[in-house]
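Visitor: Provided herewith is a single structure, encoded as structure tokens, for subsequent inquiry.
Just so you know, all these numbers are worked out from the coordinates, no wet-lab data involved. Bear in mind the structure is a predicted one, so any value in this text is a computation, not a measurement. Cβ coordinates were reconstructed from backbone atoms using ideal geometry, including for glycine residues, and neighbour counts include every protein chain displayed.
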Amino acid sequence: MNEKKTPKKSKSKGSHYFCACGKRKTSSARVRIYPGGENKITVNNKDFKEYFPDPFQRVVSRSPFQFVEAGKKFDVTVRVVGGGVNSQAGAIKHGISKALILMNPDLRSSLKKAGFLTRDPRKKERKKPGLKRARRAPQWSKR
């Protein structure tokens with residue numbers, strides 16, 4: 001069970017990459033980090049700035065790189081499905097953090113302490129019978 005994960009060999013680029021899966025709510029992101037790139041991030045075959053027009057979502061997604069002060073240049077490709085755009089940004093953040101640990105296991109303690117490795121488990125609560133929504137009761141009328 002405690003096998004060392006080795007970087008996988010890419011068939012198209014001919015270089016090693018580190019692959020991890022990040023999740024938040026109903027979003028799931030498969031992240032590949034290619035060391036020695038030109039700092040290019042691609043999400044669902046689109047440019048990073050095109051996929052996330054809001055600067056807040058870009059900051060959230062790239063926050064693990066800024067936290068560990070990664071001096072190296074990386075190319076990142078992401079395949080993300082499900083959820084909303086904010087949830088997808090959180091899933092990418094989680095996936096990048098896990099991939100950075102595969103690349104350098106010494107980063108684990110600092111990333112864990114900062115909360116980058118904790119999956120956000122919050123999901124929408126299910127509707128209950130007799131209620132309008134999960135907790136919203138029907139309107140009460142006196143007469």
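Visitor: Within the stretch 94-143, count every residue that is under 17 Å from residue 25 (Cα atoms) and of a type in the set (Phe, Trp, Tyr).
Guide: So the answer is 1.
Visitor: Taking residue 116 as the residue in question, decide whether it is in contact with a Ser or Thr (Cβ under 6 Å, 6 or more places away or on another chain), buried (at least 20 other Cβ atoms within 10 Å of the Cβ) and touching a residue at least 24 places away in the same chain (Cβ under 8 Å).
Guide: Yes; evaluated as a whole, the condition is true for this residue.
Visitor: Pick out the one residue from 59, 85, 68, 78 that is without any contact (Cβ under 8 Å) to a residue 24 or more places away in the chain and within 17 Å of the chain's Cα centre (by Cα).
Guide: Selected residue: 59, the only one of 59, 85, 68, 78 that is without any contact (Cβ under 8 Å) to a residue 24 or more places away in the chain and within 17 Å of the chain's Cα centre (by Cα).
Visitor: Now, a different point. Hey, can you tell me all the residues within the stretch 107-141 that are in contact with a Leu (Cβ under 9 Å, 6 or more places away or on another chain) and either part of a helix (DSSP H, G or I) or acidic (Asp, Glu) (or both)?
Guide: At the first step, the residues of the stretch 107-141 found to be in contact with a Leu (Cβ under 9 Å, 6 or more places away or on another chain) are 107-108, 111, 116-117, 137-138.
Result: 107, 108, 111.
Visitor: If we keep just the residues of the stretch 13-63 that are surrounded by fewer than 20 Cβ atoms within 10 Å (Cβ to Cβ) and hydrophobic (A, V, I, L, M, F, W, C), which is farthest from residue 116 (Cα to Cα)?
Guide: Restricting to residues being surrounded by fewer than 20 Cβ atoms within 10 Å (Cβ to Cβ) and hydrophobic (A, V, I, L, M, F, W, C), the top hit is 48.
Visitor: With the structure loaded, tell me whether residue 66 is in a loop (DSSP other than H, G, I, E, B), of a type in the set (S, T, N, Q), out of contact with any helix residue (DSSP H, G or I) (no Cβ under 7 Å at 6 or more places or on another chain) and loosely packed, with under 10 Cβ neighbours inside 10 Å or whether it fails that test.
Guide: On the way: in a loop (DSSP other than H, G, I, E, B): no; of a type in the set (S, T, N, Q): yes; out of contact with any helix residue (DSSP H, G or I) (no Cβ under 7 Å at 6 or more places or on another chain): yes; loosely packed, with under 10 Cβ neighbours inside 10 Å: yes.
Taking the combined requirement at face value, the residue does not satisfy it.
Visitor: Let me ask another. I'm told residue 49 meets every condition in (1) farther than 22 Å from residue 21 by Cβ; (2) outside any helix (DSSP H, G or I); (3) in contact with a helix residue (DSSP H, G or I) (Cβ under 8 Å, 6 or more places away or on another chain) except one. Can you identify the failing condition by its number?
Guide: With respect to (1) farther than 22 Å from residue 21 by Cβ; (2) outside any helix (DSSP H, G or I); (3) in contact with a helix residue (DSSP H, G or I) (Cβ under 8 Å, 6 or more places away or on another chain), residue 49 is out only on (2).
Visitor: Taking the stretch 64-73 as the region of interest, how many residues are under 21 Å from residue 117 (Cα atoms) and either acidic (Asp, Glu) or in contact with an Asp or Glu (Cβ under 9 Å, 6 or more places away or on another chain) (or both)?
Guide: Number of matching residues: 1.
Visitor: Something else now. Looking only at the stretch 72-98, count every residue that is over 14 Å from residue 34 (Cα atoms) and surrounded by fewer than 19 Cβ atoms within 10 Å (Cβ to Cβ) and tell me the total.
Guide: Within the stretch 72-98, residues that are over 14 Å from residue 34 (Cα atoms) and surrounded by fewer than 19 Cβ atoms within 10 Å (Cβ to Cβ) number 6.
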